[in-house]
Amino acid sequence: MEEERVSIYRVARSIKRKENSLYNALRSIYEDSIFVGEISQLWPELPLLANLRCGLWYSAKFHSTCYFKSTDGHANNWSFNTSRLNLHVALLAGQKGGCIIVDSTRKGKRFPDSMSKTIPIWVCVLNRAILRYITKMHGAGTPMEGESNTFGKKSEDIEQVFTDWDCSLHLPLWVPRTEKAAIEDRIEDWIKQLETSGADISSLASALKKPLRPLWISQKTVIWLNEVPESNSWDFTPIILLSASSSSGNFQHRTTSEFSWNYIPGAGDDEESWARGLSPNLFWRHAYDLISLGPDLCNQKVGDIVEKDRVYHAQRGEHAPQVSLKLSKLSVSNSDFPVEETELDFDFPGTENSVWSSSDTCTIFWLGSTNLAVAATEHAGDASDVDCLLNCDRERASLRLDNPEAYLHLPIVNSKLDRFSLLRNLPSAVNFANRNLRKGKKLLICCHSGEDISICVSLAILTSLFNNEGVFDDGKSFSEIRITKLEMRRRLVFICKFAINARPSRGNLKQVFNFLNGGCGNSFS
């Protein structure tokens with residue numbers, strides 16, 4: 001009897017592994033991407049954004065990415081997180097007249113909680129904060145008739161804005177009224193958090209001519225193609241929430257003329273468990289070959305693709321796939337950290353990254369991955385003149401530098417692997433930055449992804465070495481104050497405005513806070 005139970009258990013596990021096979025996942029993603037493409041073509045003028053990480057699998061070409069977590073929308077755990085403001089999404093929507101955000105879910109629901117509640121909460125908070133800002137500016141006195149005021153609207157239009165600006169909390173119909181009421185009770189507190197975080201609400205008010213509003217589209221949505229409205233015909237700025245996957249059952253057996261396979265809803269989720277090193281970028285470069293090979297040959301082909309990509313980059317002294325890169329120079333001038341942006345005349349292939357500075361002689365850069373940092377040090381003389389490099393990746397970059405003191409490698413790992421790795425290395429990072437910034441040098445900070453560790457290191461440096469006005473002061477002002485979570489959050493918001501892919505983990509942010517409050521001997525040399 002016991003042997004029978006073991007046998008049944010093994011068979012069940014074998015079936016589950018087969019259903020969750022690599023080919024099933026990739027084929028499911030490919031099929032769902034067709035739906036994403038069809039919807040994006042209904043409004044081709046609207047930029048397509050991937051909600052990281054799952055959404056990134058569902059199209060070969062995204063305009064940008066965003067990061068709205070489903071956990072911020074879980075029942076009784078609703079949150080408006082100032083570490084993930086995604087203000088670039090609102091600014092982009094204002095410039096383009098709206099946007100489409102792609103995500104999916106494995107849980108048999110039509111939409112993930114990121115779309116059902118997290119984004120609607122975000123929309124409502126921003127809309128109310130913008131109206132409050134406009135009301136405040138209007139109350140302080142408006143320009144003469146016909147002149148544009150500081151938030152880009154003419155004086156005669158202000159009263160109309162007050163009337164038409166929709167600040168309602170728009171949730172999908174399947175969210176219960178009791179839950180909606182509970183969320184509504186927290187909106188005011190979240191608006192205050194946004195206002196005190198130092199977020200640039202003025203830029204949002206200038207960019208948005210109409211209030212934001214979420215719309216939901218899934219594979220079950222009925223769309224009459226001859227009645228699709230133009231995006232500019234709506235009296236709001238649409239944030240179209242596109243759930244890529246089918247919600248009918250956990251697995252669906254499908255058959256083509258060549259292969260049988262099992263459809264997996266939300267297959268792009270949790271890529272570490274199934275992708276075998278394949279990235280969305282690599283997948284879309286070889287998608288047609290992988291799909292046409294079928295289940296039996298797919299695993300071997302993926303292995304070959306991943307290995308060839310690794311060898312290709314290893315031969316060039318690179319440790320990560322190339323990503324696109326665009327740098328902006330930012331000048332910090334006062335306590336609210338407003339910036340004046342000037343484009344630099346060079347690009348590298350990869351993700352959008354950032355630069356910030358307090359003056360022409362004191363600049364800090366952070367980039368997406370170690371290979372890009374190497375590329376920047378080799379070519380940056382054309383435009384940015386990067387003088388020194390702080391590498392926070394586990395891998396050591398192969399560099400040829402005239403001055404060995406211009407390079408510091410700190411092999412920092414994620415807080416899930418070592419809860420104190422960042423905390424132990426922050427004193428060295430800040431001391432290295434201080435020595436070089438003191439001499440007016442330009443510093444480039446990098447890690448494997450540019451999303452977490454390099455962001456946290458930049459936050460520690462910005463808070464430790466720059467005063468409230470954003471001016472480098474050799475750490476003098478830092479020694480006189482105690483950093484609160486609010487102050488640290490305000491500076492993180494400033495960084496995230498430009499490092500739009502930033503996703504600092506809670507564990508790493510906690511280590512930065514402990515460091516700033518004396519948790520690891522943070523004296524400067």
For residue 50, list long-range residues whose amide hydrogen, built 1.01 Å from N in the peptide plane, is under 5 Å from its own amide hydrogen.
-> 64, 65, 66, 102
By average Cβ neighbour count within 10 Å, what is the ranking of 201-210, 271-280, 450-459 from highest down?
-> 450-459, 201-210, 271-280
Going down the list 96/510; 136/210; 61/510; 439/497; 96/497; 416/441, which pairs span over 25 Å between their C-alpha atoms?
-> 96/510; 61/510; 439/497; 416/441
Which ordering of 42, 423, 91 is given by a fewest-first count of other beta-carbon atoms within 10 Å?
-> 42, 91, 423
Where in the stretch 23-80 are there trypsin sites (Lys or Arg not before Pro) that are in a DSSP coil and have at most 13 other Cβ atoms within 10 angstrom of their Cβ?
-> 61
List, in order, the whole-Hz ³J(HN,Hα) value for each residue of the stretch 482-497 obtained from phi through the Karplus relation with A = 6.51, B = -1.76, C = 1.60 and θ = phi - 60°; use x for Gly and Pro.
-> 10, 6, 8, 5, 5, 5, 5, 5, 5, 6, 5, 4, 4, 5, 5, 4
Return the loop-located chymotrypsin sites (Phe, Trp or Tyr not before Pro) in the stretch 195-249 (DSSP other than H, G, I, E, B) with at most 16 other Cβ atoms within 10 Å of their own Cβ; answer none if there are none.
-> 224, 234
Arrange the peptides 100-110, 436-446, 300-310 so that the one whose residues have, on average, the most other Cβ atoms within 10 Å appears first.
-> 100-110, 436-446, 300-310
Could the peptides 288-297, 496-505 be put in order, highest first, of the mean number of other beta-carbon atoms found within 10 Å of their residues?
-> 496-505, 288-297
Note, ³J(HN,Hα) from phi for the stretch 219-225, Karplus 6.51, -1.76, 1.60, rounded to Hz, x at Gly and Pro | 5, 9, 6, 8, 10, 8, 4
Could you please rank 58, 407, placing first whichever residue has the fewest other Cβ atoms within 10 Å of its Cβ?
-> 407, 58
Mind listing the phi-derived Karplus ³J(HN,Hα) values for the stretch 433-449, rounded to whole Hz, using 6.51, -1.76 and 1.60 with θ = phi - 60°, and x for any glycine or proline?
-> 4, 5, 4, 7, 5, 4, 8, x, 7, 9, 10, 10, 10, 9, 8, 5, 10
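Here, each number is a calculation from the coordinates, and none is a lab measurement. Note that the coordinates shown come from a computational prediction; the quantities given were computed from them, not determined experimentally. Positions of Cβ are generated from backbone atoms using ideal geometry, with glycine treated the same way; all protein chains shown enter the neighbour counts.
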